[in-house]
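Below: one structure, written as structure tokens.
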Amino acid sequence: MNQHNTSSAISVRGLWKVFGENPENIVGSTDASLPKAELLAKTGNTAAVRDISFDVAPGEVFVVMGLSGSGKSTLVRCLTRLIEPTAGSVLLNGEDILTASPTRLRELRKSAFSMVFQHFGLLPHRSVIDNIAYSLEINGMKKAERHKKAESVIELVGLQGYSQAYPEQLSGGMQQRVGLARALAVDPQVMFLDEPFSALDPLIRRDMQSEVIRLHKEVGKTMVFITHDLSEAMKLGDRIAIMRDGAIVQMGTPEELVAKPADSYVADFMRDISKSHVLTLKYLARPAGAGEDTSGLELPAETIILEASKVILESRRPVKVIENGKLLGIVSDQDILRLLAEETV
């Protein structure tokens, strides 16, 4: 049994969700590794989440990504027990929510974690401020106090001046801001966001991604973010888990996934991502060759290649790549040109 990481905000071990008759018989069986269609034909069951384990650090944005049907939405619903998992454990700040009583689960949903869905679920007959304060009202907070709290969140998500508006008077992007504000109002320890922006048009979607990044800098919440959009995952995620057929096929930083895809499925995802936009000089640094000039400029190892390329291409000598005060290696104009040429191909 894998040990849980007690310092994690979320620690998931051996999580399964099987739909069908006697689902527990599938957990850990040889049948479980069958492709979806074969498993269904043989047993009448579907393994939507298969033996998943991961930890999310406090304040981390952990993105779960995959194509439609990969199990990512089922996973997030298991983490919040909107769907009951078949097996495994989910620790939220050290407490296993899968063993929580219905009363305790309600308490946790009110205060410890909140969810933002693709469909905003706003109450049409309530103003923005009352939509945001709704979760606080359920928690029994007095009107003056919950409105004060809601007002502070309204400012945080950039909805100043809209507190008395009704949902139908707002654009999709504004409605989603209300959804975010409602989730933030209870001051949760963890936020689960299930494809929150996929119904929005591309420009508003970009704005909302920047909004999440800004909010995360300001409030530092632990977030589990579900998406099928790779550029969204790369933009938001500290780490990304890629799912296929209910299992995680690779987990790592955006840089790790681009530099070393685990298999052709992940490589296929990463194909359209420009390496120079994601990878840092650390990835390109190499030992100096015989007779190479090492008296050039120094740049930090974590500099994004694209940002460093102008300096390196204009420099007469290779640039020294420094990590924690130590020389990691050098990068020359030829190294940059080779990478850019690979990308154009």
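The values are calculated or read from the model by the stated rules, or taken from the named source; none is laboratory data. Predicted model, so just to flag it, every value in this text is computed and none were measured. Virtual Cβ from ideal backbone geometry, glycine too; neighbours counted across all protein chains shown. The accessibility values were calculated without ligands, DNA or RNA, using every heavy atom of the protein model including side chains. Shrake-Rupley method; radii C 1.70, N 1.55, O 1.52, S 1.80 Å.
Within the stretch 80-87, is even one residue over 18 Å from the mean Cα position of the chain (by Cα) and among the small types (Gly, Ala, Ser)? Within the stretch 80-87, one or more residues are over 18 Å from the mean Cα position of the chain (by Cα) and among the small types (Gly, Ala, Ser).
Say we look at the stretch 258-282 and pick out the residues that are among the hydroxyl-bearing types (Ser, Thr, Tyr) and not in a helix (DSSP H, G or I); which of these is surrounded by the most Cβ atoms within 10 Å (Cβ to Cβ)? Filtering first and then ranking leaves THR280.
Here's the yes/no breakdown for (1) part of a helix (DSSP H, G or I); (2) within 24 Å of GLU342 (Cα to Cα); (3) aliphatic (A, V, I, L, M):
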| residue | (1), (2), (3) |
| --- | --- |
| ASP207 | yes, no, no |
| ARG214 | yes, no, no |
| GLU232 | yes, yes, no |
| VAL249 | no, no, yes |
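In the set ASN139, ASN131, only one residue is in contact with a Leu (Cβ under 9 Å, 6 or more places away or on another chain), under 25 Å from ARG77 (Cβ atoms) and surrounded by 13 or more Cβ atoms within 10 Å (Cβ to Cβ); that residue is ASN131.
When VAL157, VAL153, VAL116 are screened for being in contact with a Leu (Cβ under 7 Å, 6 or more places away or on another chain) and farther than 24 Å from ASP238 by Cα, only VAL153 passes.
Is it the case, given these coordinates, that PHE225 is closer than 28 Å to LYS17 by Cα, open to solvent by 30 Å² or more (accessible area, probe 1.4 Å), touching a strand residue (DSSP E or B) at 6+ places or on another chain (Cβ under 9 Å) and of a type outside the set (D, E, K, R)? Here the answer is no, as PHE225 does not meet what is asked. Candidates are the residues of the stretch 239-248 that are surrounded by fewer than 22 Cβ atoms within 10 Å (Cβ to Cβ) and modelled with pLDDT under 95; the one that is nearest to TYR265 (Cα to Cα) is ARG244. Restricting ALA233, ALA285, ALA308 to those that are closer than 22 Å to GLU195 by Cβ, in contact (Cβ under 8 Å) with a residue 24 or more places away in the chain and either in contact with a strand residue (DSSP E or B) (Cβ under 7 Å, 6 or more places away or on another chain) or open to solvent by 60 Å² or more (accessible area, probe 1.4 Å) (or both) reduces the list to ALA233.
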